[in-house]
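Some notes on the structure that comes next.
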Amino acid sequence: MESSQYWLVVRNSSMAFKQLFILLFVLFFWSSCSNEVKTPKEVKQLDQIENQAHIIWYWEDTFSQFEKFKLKQWIKSTLEATEKMLGVYPFTIHCTFHLSDADHPVPFGKTSRKKGVNEVHFYVNPSFELIDYEKDYTAQHELSHLSIPFINRDNLWFSEGYATYLSRLILVDQGYYAADKFDSLYFHKISDYPGVFNSSTATFTQVMDSLMEHHYYSHIYFGGSSFFYQVDKQLQLNDQSLSEVIRAYQKQNRLTDKRLPHVLASFDEISKSSYFTDMYAVYCNKTAAESLSLFFK
Ligand SMILES: [Zn+2]
């Protein structure tokens, strides 16, 4: 082969390669677009979500436009349900998504309220359907945390019990959890572990400390939620409810309270009772068996 012919072949094959490359690029672009938002209605919805000042979105890893749309829909509908139950939050929520390859729609979530910035983080596997995220409790749980200030780790049972109780309440209201199972969930989670929760020597908080040492978080979450279950029952006997108190709290002291005693005092003030501080004193000073006697009758 002569050199001029050789270069012609090379040039022709390089042009063919270029055309193939362009074709592949167009095909790739078209296929990725076909996965994205398509109808004008969906585009409008996405714009509305984007322009919602109440949530600022952050993407720690790479997500497709379609995945972003789906995840935003999920958080938007969950926040609506949360605020319907707990009142409109008087602050902007900073929502960050992280990629996870776990075989679960939301394997992990966390919140942060450092320097008055209310953050919520979700680790998600973006391959699930929207309904799978909505029925999962993680967003209801994390968003519920934000309705009160940060409670220090010594009182982890309080803050986790709070979010555990409220997330189930929201799920019931959303129709994702059966109302008649709500009470039995708490009785089941507590009364099925008499060895843990029925101590006649240790106080409730001492039991929680011991569970913390052994990393029995599930028991801490449901043990802590018993506090809110019991206070809610007391409020209901007085034609009030815990969610009503928390809704009023968003308008009153949410942005000024700093510590747990402030929150308890505010809740008492709103409910015109001493249920919250009284129950807290019981959980700190009485035995677990006495604190949780309702569940062992
Ligand atoms: Zn939590």
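Any residue that is closer than 17 Å to K135 by Cα, surrounded by 16 or more Cβ atoms within 10 Å (Cβ to Cβ) and either within 16 Å of the ligand (Cβ to nearest atom) or within 12 Å of the chain's Cα centre (by Cα) (or both) - is there at least one of those in the stretch 53-71? Looking for residues that are closer than 17 Å to K135 by Cα, surrounded by 16 or more Cβ atoms within 10 Å (Cβ to Cβ) and either within 16 Å of the ligand (Cβ to nearest atom) or within 12 Å of the chain's Cα centre (by Cα) (or both), one finds none in the stretch 53-71, hence no.
The residues of the stretch 86-121 that are within 16 Å of the ligand (Cβ to nearest atom), modelled with pLDDT of 95 or more and either among the charged types (D, E, K, R) or in contact with a Cys (Cβ under 9 Å, 6 or more places away or on another chain) (or both), listed by number, are K110, E119, V120, H121.
Within the stretch 107-140, the set of residues being β-branched (V, I, T) and over 18 Å from T62 (Cβ atoms) comprises T111, V117, V120, I131, T138. Could we say that S266 is farther than 30 Å from D132 by Cα and either part of a loop (DSSP other than H, G, I, E, B) or at pLDDT 95 or above (or both) here? So S266 fits the description; yes. When the helices (runs of 4 or more DSSP H) confined to the stretch 111-210 are screened for residues that are not assigned by TED's automatic domain parsing to the domain that holds A288, those reaching at least 3 such residues are found at 130-135, 138-145. In the stretch 122-143, what residues are closer than 13 Å to G109 by Cα and away from the ligand (no atom under 12 Å from the Cβ)? Within the stretch 122-143, F122, Y123, V124, N125, Y133, D136 qualify. Of the numbered criteria (1) within 20 Å of T203 (Cβ to Cβ); (2) over 21 Å from the mean Cα position of the chain (by Cα), the one I220 fails is (2).
Which one is nearest to L86 (Cα to Cα), of the residues in the stretch 269-297 that are assigned to a helix (DSSP H, G or I) and either in contact with a Pro (Cβ under 6 Å, 6 or more places away or on another chain) or of a type in the set (A, V, I, L, M) (or both)? Here the answer is I270. For the stretch 88-110, the set of residues classified as in a loop (DSSP other than H, G, I, E, B) and surrounded by fewer than 20 Cβ atoms within 10 Å (Cβ to Cβ) consists of V88, Y89, P90, F91, T92, S100, D101, A102, D103, H104, P107, listed by residue number. Could you tell me whether Y217 is away from the ligand (no atom under 16 Å from the Cβ) and out of contact with any Gly (no Cβ under 7 Å at 6 or more places or on another chain)? No: the conditions fail for Y217. Restricting the search to the stretch 211-233, which residues are surrounded by fewer than 17 Cβ atoms within 10 Å (Cβ to Cβ) and in a helix (DSSP H, G or I)? Hits for the stretch 211-233 are M212, E213, Y217, S218, K233. With respect to L146, determine if the residue is within 14 Å of the ligand (Cβ to nearest atom) and surrounded by fewer than 20 Cβ atoms within 10 Å (Cβ to Cβ). Taking the combined requirement at face value, the residue does not satisfy it. Name the residue, out of F197, F182, F227, F187, that is out of contact with any Asp or Glu (no Cβ under 9 Å at 6 or more places or on another chain) and within 16 Å of the ligand (Cβ to nearest atom). On inspection, the qualifying residue turns out to be F227.
The values are calculated or read from the model by the stated rules, or taken from the named source; none is laboratory data. Note that this is a predicted model, so its numbers are computed, not measured. Don't worry about glycine lacking a Cβ; one is built from the backbone with ideal geometry, like all the others, and counts go over all protein chains shown.
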